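Below: the structure, in structure tokens.
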Amino acid sequence: MTLSLWYLLIPFGLMLVVWLVLSIVAIVKMLRFGFVSRPAIISSLFFAAFAVAVLVGTVVSLRDVDWSASIEIGAPNVELPSVNISSPFTP
């Protein structure tokens, strides 16, 4: 059974959407319900900058992948050579 590599982008995209929503909720919650101070704003900016850096790094590293390629799943098809062995026990 072969699987096209672009099928792997579907769960990755879903995970990315969930992560993005949770990150936005975390930043809004930190800024709205936390102490609005310089450290809270700086930590929110560091969190957002790190998130953007991770996303850019992911896109750059996945850009060179040939997504039209496919991979083989399951046991590989191995053809062994037929070997005739004569046994001393067979007449």
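Each reported figure results from applying straightforward, stated rules to the coordinates on display, with no laboratory input. Given the structure is predicted, the values throughout are model-derived calculations rather than measurements. When we count neighbours, we look across all protein chains shown, and the Cβ atoms used for this are built from the backbone with ideal geometry, even at glycine.
Apply 1/(1 + (r/R0)^6) to the Cβ-Cβ distance of ALA48 and LEU5, taking R0 = 25 Å, and write down the FRET efficiency to the nearest 0.05.
The computed FRET efficiency comes out at 0.25.
Of the listed values (i) 13.8; (ii) 18.3; (iii) 21.0, identify the label whose number matches Kirkwood radius over Cα pairs in Å calculated from this model.
After the calculation, the listed value that fits is (ii).
Compute the helix-to-body angle for 38-62: its Cα long axis versus the longest principal axis of the chain, expressed 0 to 90° and rounded to tens.
Value to nearest ten degrees: 30.
Between helix 9-33 and the chain, what is the angle of the helix's C-alpha long axis to the longest principal axis, kept within 0 to 90° and rounded to the nearest 10?
20
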